[in-house]
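**Student:** Sharing a structure here in structure tokens format.
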Number of protein chains: 2
Amino acid sequence: MTNSSDKMDKIVALCKRRGFAYPGSLIYGGFANSYTYGPYGVELKRNITDLWWKTFVRDMPDVFGIDGDIILHPKTWEASGHLEQFNDPMVEDRDTGHRFRADHLIEDQLGIDAEGMSLEEMTKLIRDKGVTSPTSGKTNLSEVKQFNQMFSTEMAKTSEGSKAYLRPETAQAMFLEFKNIVDTQRCKLPFGIAQIGKAFRNEITPGNFIFRRLEFEQMEIEYFVKKEEWEKYFDLWHQRMDDWCEMIGLNKKNVHIYEHPQEKRSHYSEKTIDIEYDFPFGRKELYGLAYRTDFDLTQHQKHSGQALHIHDEESGQKLVPHVIEPTFGVDRTLLALLVEAYQEEKLEDETERVVMKFMPRLAPVKVAVMPLMKKDGMTEKAHEVWKLVKIFGNCELDISGSIGKRYRRQDEIGTPVCVTIDYETLEDGSVTVRDRDSMKQERVKIDELEDTLRMKYFRVCHSEFISESHTTLNKKLNQR
Amino acid sequence: MTNSSDKMDKIVALCKRRGFAYPGSLIYGGFANSYTYGPYGVELKRNITDLWWKTFVRDMPDVFGIDGDIILHPKTWEASGHLEQFNDPMVEDRDTGHRFRADHLIEDQLGIDAEGMSLEEMTKLIRDKGVTSPTSGKTNLSEVKQFNQMFSTEMAKTSEGSKAYLRPETAQAMFLEFKNIVDTQRCKLPFGIAQIGKAFRNEITPGNFIFRRLEFEQMEIEYFVKKEEWEKYFDLWHQRMDDWCEMIGLNKKNVHIYEHPQEKRSHYSEKTIDIEYDFPFGRKELYGLAYRTDFDLTQHQKHSGQALHIHDEESGQKLVPHVIEPTFGVDRTLLALLVEAYQEEKLEDETERVVMKFMPRLAPVKVAVMPLMKKDGMTEKAHEVWKLVKIFGNCELDISGSIGKRYRRQDEIGTPVCVTIDYETLEDGSVTVRDRDSMKQERVKIDELEDTLRMKYFRVCHSEFISESHTTLNKKLNQR
């Protein structure tokens, strides 16, 4: 294939050209690395979140879904530590007003690792060594200050104490609802609360297409366990996350584990691993798995004055559970799938094609139905067949352009199978079924089309292979 | 039944008790009428948005889905008119810092309709007539000022011009992407762009449970048409919205049309109707359908300097299309379904039951599987049957408590069918299938369970009855 940055450029271009993702607010010149998912991107995203919800919520009797607000009570962020600790060290160019990460400037211009430096030390270093602003090239930089990464806003209702924040992670709503879930869902340890939703981080260095965005979507689980069992369930969730990567079609050789050394862990965590993926721009965090101890529930107890414990039948004690947190980024999953699927192939006739080899269950379009020509009733027949096949999900009626061009277009969208209506169809009720990967074509009777497609591409997959320890299963069976 | 405010109180209580919706940030005393959907609320919500997406996007070849950001380029709101016109007249209590709607105070305390009054007129009236603050009871109120209903925030990246807004409607992203969709999806008029997502309004009078929230979810379509055809497509979408109401099970007698008189229409609209629903707290807006003219595209052309037109093949002209906008509130749909489904029934033995009569395809739990007792392998058998039935969607393994209590609980959640495993099951492989509405029970062999349930409750519904005019269909067939 091509080299890595080439590949990334090609994927970004394909996304815009075909309608997976457009730069956000583009008519106004773009905005803060925002992106809009187009018709195929939004389908791919829905397929990811639907499969995740099925796998980790609907198929797991001990995981309970919720959907909380983006703007929570501001005390949430006092308790969680985000108000005090979720900061970046920043300097401002006094001439242009632009802000930069102080630690990044020091690393880039001086080659010194700023990890662990105080604000005063960074300020001194920047002044002494003449670090310059990337926009103006001058040394007129402010002192280094902490800048909180949460987006803040003001509530209309009162003028005082009205500051509120957009959540920087979906996790906290699950801690706030811990008591409600325990009270209404009759759960015993271990059990989980799951949520899919947007989170916001006011960073100044977003980038790498949809990899790092100010506004991004998370799929998270807070899994509550007894303190003495945390390692067991950490390992179980690690296994389940590996299974998920396999299930969505990521090649094992592109997926790696990175364990955070103590000094790089978040303030709440005692063990954290990243599941990393080999993106064209480097090996980067795809998912995270953290042991958050009882930090969050304990903090919320302290700040709210409410008891957040669960009655343990075995010991007869009330206890504050510990938490294992698997986090999955939706946008990063989507990007990994794009990278994994992208293929350039040289064909027999020496031409090249680009093909997105998505798994059928994740492909944005399941089946494209094409009349060979727009006449003699082929279009109407195609419409009938389209109605038939759309039980498999999103299907397309692809009418304009030469048949060859339409196949190329569907290859670039990653449609696993194309069905073509031609003169033979009108005579004998058979259609051409063309396979995306092999490009082989076969004739199938319309009557047998549903069964053929189901067997070959869309057999329901029960995702039963997500790891389930014997212990968990038994516990599940005895709860509720 | 009971009276209306009773009914609402009971629904709210059931939602909290069973896990449909909890007051948000409750451990901190609640927050700004926010709510968290619990395990059953989030399933109901997913079923609503999934059905809507299938009906209006996947099943309509001329509607293209997108998913844009909540924080768009701030110029968007200059162009749309929201920065200038999306205001409430407010006064502040100078003692307590609380803010109030000036027009509401005038109406409540003086019985005068403040519609159309200037800020100065309202200020004078409040001072002259001694209008008081509802919190302090004193007249120490500020002047009346316009307060913009958009939540604002600051971007970290720059210090100047860094103000941005949370979108107050999902619509604008669809106008920003108009050109991208036209360029990449080969569309001809008429065609639509659809989006589901959150919107935010910084109001001071939210209320009525999940009816009016600061943070809410919309399902919207911007349908682009030729100017001279707007009435035809307005009527078609009106019909489709009626069909949707029927499809989700709203009783026709509870659904009404209200056409906005000119002075109540938004600044961009030339015709607007509300689809209203008889909630227990009154007849209120459920959905909206607006003819937005070419206002938005024209405004964005002006503010962005980009041409936002489409080439019309019939006339050979470039034209800026006009827009029909059907808007569906997700939270309001959910509330209407709760209200519609809620039933209190007197049973033969003189006891009462509460039952939520959701349609099977929208019910949060499709099938509840229950072992009669937790012994003799019934729990394991129930687990097997649960694995079998969950092809229909979210299913529950309901194990604890007497069988009668479990049936009552499933009635309150609205589960259409319960399957019970008992001693006979272990002998002859048959289970008890209990219908929620009739409470009748029948024995079915496990081998025949899937077919029985599919035929009776979960036949795939192709939603073909959403109105399709002959013209639209023909147009669809000739595009792409």
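Just so it is clear, none of the values below were taken in a lab; they were calculated from the coordinates. Please read all numbers here as calculations on a predicted model, not as lab measurements. Glycine also receives a Cβ, built like all others from the backbone with ideal geometry; neighbour counts cover every protein chain displayed.
**Student:** Using a simple charge model, +1 on the beta-carbon of Lys and Arg, -1 on the beta-carbon of Asp and Glu, nothing else, what dipole does the range B:214-275 show about its Cα centre, in debye to the nearest 20? Please report the intermediate quantities before stating the final value.
**Tutor:** Numbers: 9 positive and 15 negative charges, 40 e Å.
Here the size comes out at about 200 debye.
**Student:** In what order do B:Ser304, A:Ser152 fall by count of nearby beta-carbon atoms within 10 Å, going from fewest to most?
**Tutor:** Working: B:Ser304 20, A:Ser152 16.
Lowest count first: A:Ser152, B:Ser304.
**Student:** What whole-number distance in Å separates the alpha-carbon centres of the range A:405-441 and the range A:58-91?
**Tutor:** 47 Å
**Student:** For label points placed 7 Å from Cα toward Cβ, what is the shortest-first list of nm distances from B:Met439 to its copies?
**Tutor:** 6.6
**Student:** May I pose another question? If you count, for every residue in A:181-190, the Cβ atoms of partner chains within 10 Å of its Cβ, what is the mean? Please list the in-between numbers first.
**Tutor:** On the way: counts 5, 0, 4, 10, 5, 5, 0, 1, 0, 0.
For this peptide, the per-residue mean of nearby foreign Cβ atoms is 3.
**Student:** Can you classify chain A as rounded, prolate or oblate using the Cα gyration tensor, where a ≥ b ≥ c are the square roots of its eigenvalues, rounded means a/c under 1.5, and otherwise it's prolate if a/b beats b/c and oblate if not? Walk me through the numbers on the way to the answer.
**Tutor:** Working: a/c = 2.26, a/b = 1.38, b/c = 1.64.
Cα axes put chain A in the oblate bin.
**Student:** What is the local net charge at A:Ser4, summed over the other residues whose Cβ is closer than 15 Å to its Cβ (Lys, Arg +1; Asp, Glu -1)? Mind showing how you got there, number by number?
**Tutor:** Working: positive: A:Lys7, A:Lys10, A:Arg283, A:Lys284; negative: A:Asp6, A:Asp9, A:Asp278, A:Glu340, A:Glu344.
So the environment of A:Ser4 carries a net charge of -1.
**Student:** Related question: Just to check I understand the Karplus step: with θ = phi - 60° and J = 6.51 cos²θ - 1.76 cosθ + 1.60, what whole-Hz values come out for the range A:339-346, glycine and proline as x?
**Tutor:** Going residue by residue, I get 5, 5, 7, 5, 9, 10, 10, 8 Hz, with x marking Gly and Pro.
**Student:** Another question about this same structure. Treating the protein assembly as shown as a set of equal point scatterers at the Cα positions, no solvent, please give the Debye-formula log₁₀ I(q)/I(0) at q = 0.05, 0.10 Å⁻¹.
**Tutor:** These q points yield log10 I(q)/I(0) values of -0.31, -1.37.
**Student:** I need A:Leu297, A:Leu347 ordered by Cβ neighbour count within 10 Å, fewest first. Walk me through the numbers before you get to the answer.
**Tutor:** Details: A:Leu297 24, A:Leu347 9.
Going from least to most buried by this count: A:Leu347, A:Leu297.
**Student:** For A:Asp6 and A:Arg283, what is the calculated FRET efficiency with R₀ set at 22 Å and r taken between the beta-carbons, to the nearest 0.05? Show your work: numbers first, answer last.
**Tutor:** Details: r = 18 Å, r/R0 = 0.82.
E(calc), rounded to 0.05, equals 0.75.
**Student:** Please work out the Cα center distance from the range B:213-241 to the range B:258-306, rounded to the nearest Å.
**Tutor:** Using only Cα atoms, the two centres lie 9 Å from each other.
**Student:** Roughly what % antiparallel, to the nearest 5, for the DSSP beta bridges in the range B:362-456? Don't jump to the answer; show the numbers that get you there.
**Tutor:** Numbers: 9 of 16 bridges.
Bridges in the range B:362-456 are about 55 percent antiparallel.
**Student:** Okay, moving on. Note the full-extension length gain between A:Ile112 and A:Glu246 as 0.36 nm times their separation in residues minus their Cα-Cα distance, in nm to one decimal.
**Tutor:** Details: separation 134, 0.36 × 134 = 48.24 nm, distance 3.89 nm.
Gain on stretching A:Ile112 to A:Glu246: 44.3 nm.
**Student:** Right, another one. With label points built 7 Å along Cα→Cβ from the Cα atoms of B:Arg454 and A:Ile391, find their separation and express it in nm.
**Tutor:** Taking the two extended label points, one gets 0.8 nm.
**Student:** In straight Cα distance, which lysines are under 19 Å from A:Lys75, not counting same-chain residues fewer than 8 positions off?
**Tutor:** Excluding near neighbours in sequence, the set is A:Lys157, A:Lys163, A:Lys179, A:Lys302.
**Student:** Oh, and also: Which distances in nm, rounded to one decimal and ordered from shortest, link the label point of A:Arg459 to the equivalent label points in the other identical copies, with labels set 7 Å from Cα toward Cβ?
**Tutor:** When each copy's label point is compared with this one, the spacings are 2.9 nm.
**Student:** Ok, one more. Hey, can you grab everything whose amide H is under 5 Å from the amide H of B:Phe31? Only 5+ residues off in sequence or another chain; H modelled, so Pro and N-termini drop out.
**Tutor:** For B:Phe31, whose amide H was placed from the backbone, the distant partners under 5 Å are B:Gly24.
**Student:** Sticking with this structure for a sec: In chain A, what residue has the beta-carbon at the shortest distance from the axis of the rotation relating A to B, and what is that distance in angstrom, rounded to the whole number?
**Tutor:** A:Thr153, 3
**Student:** If the chain between B:Tyr258 and B:Lys232 were fully stretched, how many nm would it gain, using 0.36 nm times the residue separation less the Cα-Cα distance? Display every interim value, and only then the final one.
**Tutor:** Details: separation 26, 0.36 × 26 = 9.36 nm, distance 1.87 nm.
Extra length from B:Tyr258 to B:Lys232 when fully extended: 7.5 nm.
**Student:** With each run of n ≥ 4 DSSP H residues scored as -39500 (n - 2.57), what mean residue ellipticity at 222 nm is computed for chain A after dividing by its residue count and rounding to the nearest 500 deg cm²/dmol?
**Tutor:** On the way: 16 runs with 161 residues, N = 480.
-10000 deg cm²/dmol, from helical runs alone.
**Student:** With θ taken as phi - 60° and the coefficients 6.51, -1.76 and 1.60, list the Karplus ³J(HN,Hα) couplings across the range A:370-377 in order, rounded to whole Hz; mark glycine and proline as x.
**Tutor:** 10, x, 4, 9, 8, 8, 6, x
**Student:** Now for a different question. With each label point set 7 Å from Cα along the Cα-Cβ vector, what nm distance links B:Thr139 and B:Glu380?
**Tutor:** Going from the B:Thr139 label point to the B:Glu380 one covers 8.2 nm.
**Student:** Could you tally the net charge around B:Phe147, taking each other residue with its Cβ under 15 Å from the Cβ of B:Phe147, Lys/Arg +1 and Asp/Glu -1? Could the numbers behind the result be given before it?
**Tutor:** Values: positive: A:Lys157, B:Arg99, B:Arg101, B:Lys145, B:Arg201; negative: A:Glu154, B:Glu84, B:Asp88, B:Glu92, B:Asp93, B:Asp103, B:Glu143, B:Glu203.
Neighbour charge sum, excluding B:Phe147 itself: -3.
**Student:** Which trypsin sites (Lys or Arg not before Pro) from the range B:339-401 combine a DSSP loop assignment with at most 14 other Cβ atoms within 10 Å? Intermediate values should be presented prior to the final figure.
**Tutor:** On the way: sites: B:Lys346, B:Arg353, B:Lys357, B:Arg361, B:Lys366, B:Lys374, B:Lys375, B:Lys381, B:Lys387, B:Lys390; in loops: B:Lys357, B:Arg361, B:Lys366, B:Lys374, B:Lys375.
For trypsin sites (Lys or Arg not before Pro) across the range B:339-401 that sit outside H, G, I, E and B with at most 14 neighbouring Cβ atoms in 10 Å, the list reads B:Lys374, B:Lys375.
**Student:** While we're looking at this one, here's another question. Once the convex hull of the C-alpha atoms of the range A:155-249 is built, how many Å³ does it hold per residue, rounded to a whole number? Don't skip to the end; give the middle numbers.
**Tutor:** On the way: hull volume 16.9 nm³, N = 95.
Spelled out: Cα convex hull of the range A:155-249, divided by residues, is 178 Å³.
**Student:** Something else: Assigning unit charges at the beta carbon (Lys, Arg +1; Asp, Glu -1) and nothing else, what dipole magnitude in debye, to the nearest 20, does the range B:87-147 show about its Cα centre?
**Tutor:** On the way: 8 positive and 13 negative charges, 56 e Å.
With only Lys, Arg, Asp and Glu charged at Cβ, the dipole is about 260 debye.
**Student:** Which distances, shortest first and in nm, link B:Gly404 to the matching position in the other copies, using label points set 7 Å out along Cα to C-beta?
**Tutor:** 7.6
**Student:** Taking the Cα centre of the protein assembly as shown as the origin and placing charges on Cβ (Lys, Arg +1; Asp, Glu -1), which of B:Val12, A:Tyr28, B:Cys395 is farthest toward the positive end of the dipole?
**Tutor:** Positive-most Cα among the choices belongs to B:Cys395.
**Student:** Among B:Glu177, A:Glu424, which comes first, second and so on when ranked by fewest other beta-carbon atoms within 10 Å?
**Tutor:** Numbers: B:Glu177 27, A:Glu424 14.
Exposure proxy ranking, most exposed first: A:Glu424, B:Glu177.
**Student:** Right, another one. Among B:Thr379, A:Leu44, A:Leu110, whose Cα lies farthest out toward the positive end of the dipole of the protein assembly as shown, if unit charges sit on the beta carbon of Lys, Arg (+1) and Asp, Glu (-1)?
**Tutor:** Sorting the options by dipole projection puts first B:Thr379.
**Student:** Run the quick spin-label model on B:Ser315 and B:Glu348: label points 7 Å from Cα toward the beta carbon, then report their separation in nm to one decimal.
**Tutor:** Those two pseudo-labels are separated by 6.9 nm.
**Student:** Size of the dipole of the range A:322-364 about the Cα centre, Lys and Arg at +1 and Asp and Glu at -1 on the beta carbon, nothing else charged, in debye to 20?
**Tutor:** The dipole magnitude comes to about 300 debye.
**Student:** If you take the Cα Rg of the range A:87-147 and divide it by 2.2 N^0.38 Å, with N the number of residues, what do you get?
**Tutor:** On the way: Rg = 10.1 Å, N = 61, 2.2 N^0.38 = 10.5 Å.
It is 0.96.
**Student:** Work out from phi, with θ = phi - 60° and the Karplus expression 6.51 cos²θ - 1.76 cosθ + 1.60, the ³J(HN,Hα) of each residue of the range B:395-403, listed in order in whole Hz, and give x for Gly and Pro.
**Tutor:** 10, 10, 9, 10, 10, 9, x, 5, 4
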